[in-house]
Amino acid sequence: MGHRAVVVGGGIGGLAAAIGLRRTGWEVTVVERAPVLADAGAGISLHANGLRALDALGVGAPVREAARPQYTGGTRTPAGRLLARMDGAALERELGTPIVGIPRSALHRALREALPAATLLTGEEVRAVEDAPEPEGGQVRVPLGDTVLYADLVVAADGVGSRLRRQLFPHHPGPVHSGSAVVRAITDGPVDTGTDFELTWGGGAEFGHIAFADGRAEWHAVLTAPPGVRHRDTLAAMRHRFGSWHDPIPRLLDATRPEAVLHHDIAELATPLPRFTVGRVAPLGDAA
């Protein structure tokens, strides 16, 4: 087996794959089309299996240091009636760790800092891969503008709209709209959320929050909506939709700057891929 890999995509999945490959002796290049691997996104909850995977990659400690254990919370109705309670202490007794909440930017930074800077190649887009001719036969050729990388393995971690997946599976229908959109943000400062993690279920909508170690909180709203719906003032639209829901939902919205709000349609691969490798190329994460 060869030991040179190219990972296409510098997100969480791509960086994690690169770390794992390097830890088993591979030479790795991560190619990311964005000019800067910036800290972006809202928040994420990591469960025991995810934390164990991060431990295996050698980054569990800095992730835990930046995270907040989620001991309290649950699921409620819009009026605040409790439907189910989350017992983080019970999870910790059973699994060795509670769920933890962390900004996606902090998770991404921990993964990025575990890789040598020379591993990351930014501002380059991989549009296609091809079998290499002799004398590099048996490898994959990865064109990058005026240069070419050769790899024994290509990991296609280029997202749900993966260009490489379309090349590998030209007859696959690709991602479709899930029927929902997500709006999310991180508050501008600390907010008293009352609980570490909570979901609220209403008609055609879900609202949730994750409390962070620094007192700020991530909130998200998942709404039934056709693709392409956007608002002139998304935060104002969320206040109109959720302003009458129970505390701390109005406080979370009031603690958010309008420019911090992210709004995305949710796409999914409703038709599974027939397999997860084609030759020496393997889709990973949302691309798969």
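Observations, loosely collected:
- Residues in the range 228-248 that are within 23 Å of A40 (Cα to Cα) and touching a Ser or Thr at 6+ places or on another chain (Cβ under 9 Å): L235, M238.
- Selection within the range 185-199 - out of contact with any helix residue (DSSP H, G or I) (no Cβ under 9 Å at 6 or more places or on another chain) and open to solvent by 70 Å² or more (accessible area, probe 1.4 Å): P190
- If only residues of the range 61-117 that are acidic (D, E) and more than 30 Å from V31 (Cβ to Cβ) are counted, the one that is most open to solvent (accessible area, probe 1.4 Å) is E94.
- Residue that is of a type in the set (S, T, N, Q), out of contact with any Leu (no Cβ under 9 Å at 6 or more places or on another chain), surrounded by 14 or more Cβ atoms within 10 Å (Cβ to Cβ) and within 15 Å of A270 (Cα to Cα), where the choices are S162, S178: S178
- In the range 200-230, the residues that are open to solvent by 20 Å² or more (accessible area, probe 1.4 Å) and β-branched (V, I, T): V222, T224, V229
- Here is the figure for the range 257-288: residues that are part of a helix (DSSP H, G or I) and on the phi < 0 side of the Ramachandran plot total 5.
The values are calculated or read from the model by the stated rules, or taken from the named source; none is laboratory data. In this text, all values refer to a predicted model and were calculated from it rather than measured experimentally. With ideal geometry, Cβ positions are generated from the backbone for all residues, glycine too; neighbour counts draw on all protein chains shown. Areas reflect the complete protein model, heavy atoms only, side chains present, ligands, DNA and RNA absent. Shrake-Rupley method; radii C 1.70, N 1.55, O 1.52, S 1.80 Å.
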